Amino acid sequence: GDSVTQMEGPVTLSEEAFLTINCTYTATGYPSLFWYVQYPGEGLQLLLKATKADDKGSNKGFEATYRKETTSFHLEKGSVQVSDSAVYFCALLSGNQFYFGTGTSLTVIP
Amino acid sequence: DAGVTQSPTHLIKTRGQQVTLRCSPISGHKSVSWYQQVLGQGPQFIFQYYEKEERGRGNFPDRFSARQFPNYSSELNVNALLLGDSALYLCASSSLNQGGREKLFFGSGTQLSVL
């Protein structure tokens with residue numbers, strides 16, 4: 001079945017460090033791919049998305065490229081800030097159902 | 001504009017009881033989905049409703065049921081609660097009829113604790 005596997009955390013980085021959170025997927029057909037972010041005590045918020053191969057989603061300095069050949073959608077940011085501390089979820093949309101990864105907790109220290 | 005609203009925010013029940021969770025979608029959104037998020041895990045799909053009809057169901061037992069009302073709000077019911085039902089229950093809305101299938105907006109969730 002369809003599924004998402006993402007890098008386990010927690011991840012702790014210093015401010016201005018480079019961030020990569022790995023995500024790979026298994027899906028039949030051609031899913032859309034997403035990164036969601038969850039701040040403490042809040043629901044999930046869409047961070048970025050890509051709907052077809054080679055698309056690059058970007059938002060707030062975060063980027064991810066839909067790589068069909070490696071079935072990956074890794075999240076990157078060149079310089080993280082303390083305010084980026086949150087849990088990040090990779091997800092795919094297949095049909096009308098979203099499949100989420102287990103989440104990666106990121107803590108950025110000053 | 002109000003986002004997706006869920007009530008209550010927190011709930012404590014005991015094993016065997018029944019619970020009803022409520023969700024109001026964003027104005028204009030006709031689709032509501034429910035997800036269960038166990039601590040340390042990603043959300044798991046439970047149900048999707050569109051125009052008051054069930055359009056999808058995840059791998060959950062029949063103790064879980066839901067419905068959508070004419071105003072597009074929704075309720076999730078869980079009967080015969082088990083300890084393992086303790087989780088954050090998230091509601092999400094989207095506007096399928098405008099090609100917005102991928103624009104999923106989440107509420108803050110209802111934290112259910114089963115003792």
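The values are calculated or read from the model by the stated rules, or taken from the named source; none is laboratory data. Just so you know, these numbers come straight off a predicted model, no measurement behind them. As a convention, Cβ positions derive from the backbone with ideal geometry for all residues, glycine included, and neighbour counts pool all protein chains shown.
A:Gln38 meets each of the listed conditions (1) more than 30 Å from B:Thr5 (Cα to Cα); (2) within 13 Å of chain B (Cβ to nearest Cβ); (3) polar (S, T, N, Q) apart from (1). The numbered conditions (1) in a loop (DSSP other than H, G, I, E, B); (2) away from chain A (no Cβ under 11 Å); (3) modelled with pLDDT of 90 or more are all true for B:Gly28 except (3). Is it fair to say A:Gly78 is over 22 Å from B:Ser94 (Cβ atoms) and not aromatic (Phe, Trp, Tyr)? Against the criterion (over 22 Å from B:Ser94 (Cβ atoms) and not aromatic (Phe, Trp, Tyr)), A:Gly78 qualifies.
Only strands (runs of 3 or more DSSP E) whose full extent lies in region A:1-73 are considered here, and the ones with at least 3 residues that are closer than 20 Å to A:Leu106 by Cα and touching a residue at least 60 places away in the same chain (Cβ under 8 Å) are A:3-6, A:11-14, A:32-38. Within the option set B:Leu112, B:Leu21, B:Leu90, B:Leu76, being surrounded by 16 or more Cβ atoms within 10 Å (Cβ to Cβ), among the aliphatic types (A, V, I, L, M), within 11 Å of another protein chain (Cβ to nearest Cβ) and assigned to a strand (DSSP E or B) holds for one residue only, B:Leu90.
Does B:Gly40 satisfy the condition of being surrounded by fewer than 18 Cβ atoms within 10 Å (Cβ to Cβ), at positive phi and at pLDDT 95 or above? No, not satisfied. Condition first: more than 10 Å from chain A (Cβ to nearest Cβ), farther than 21 Å from A:Phe34 by Cβ, touching a helix residue (DSSP H, G or I) at 6+ places or on another chain (Cβ under 7 Å) and not small (Gly, Ala, Ser). Can you find one or more residues in region B:39-60 that meet it? No, there is no match, as no residue in region B:39-60 is more than 10 Å from chain A (Cβ to nearest Cβ), farther than 21 Å from A:Phe34 by Cβ, touching a helix residue (DSSP H, G or I) at 6+ places or on another chain (Cβ under 7 Å) and not small (Gly, Ala, Ser). Only one of the numbered conditions (1) closer than 25 Å to A:Ala27 by Cβ; (2) more than 9 Å from chain B (Cβ to nearest Cβ); (3) surrounded by fewer than 17 Cβ atoms within 10 Å (Cβ to Cβ) is not met by A:Ser79, and that is (1). Given (1) over 27 Å from A:Val4 (Cβ atoms); (2) of a type in the set (Lys, Arg); (3) at pLDDT 95 or above, where does B:Arg63 come up short, assuming only one miss? Every condition holds for B:Arg63 apart from (1). Screening region A:82-102 for residues that are within 14 Å of chain B (Cβ to nearest Cβ) and β-branched (Val, Ile, Thr) and picking the one that is nearest to B:Arg55 (Cα to Cα) gives A:Thr102.
So is B:Leu104 away from chain A (no Cβ under 12 Å), within 27 Å of A:Pro10 (Cβ to Cβ), within 14 Å of the chain's Cα centre (by Cα) and touching a residue at least 60 places away in the same chain (Cβ under 8 Å) or not? Spell out the reasoning first.
Values: away from chain A (no Cβ under 12 Å): no; within 27 Å of A:Pro10 (Cβ to Cβ): yes; within 14 Å of the chain's Cα centre (by Cα): yes; touching a residue at least 60 places away in the same chain (Cβ under 8 Å): yes.
No; evaluated as a whole, the condition is false for this residue.
Of all the residues in region B:1-18, those that are within 13 Å of chain A (Cβ to nearest Cβ) and either among the polar types (S, T, N, Q) or exposed (fewer than 13 other Cβ atoms within 10 Å of the Cβ) (or both) number 4.
What is the residue count in region B:1-21 for residues that are touching a residue at least 60 places away in the same chain (Cβ under 8 Å) and either of a type in the set (S, T, N, Q) or closer than 17 Å to B:Ser74 by Cα (or both)? Final tally of qualifying residues: 12. May I ask you to verify whether B:Gln41 is without any contact (Cβ under 8 Å) to a residue 40 or more places away in the chain and closer than 26 Å to A:Pro40 by Cα? Judged against the criteria, B:Gln41 is a match.
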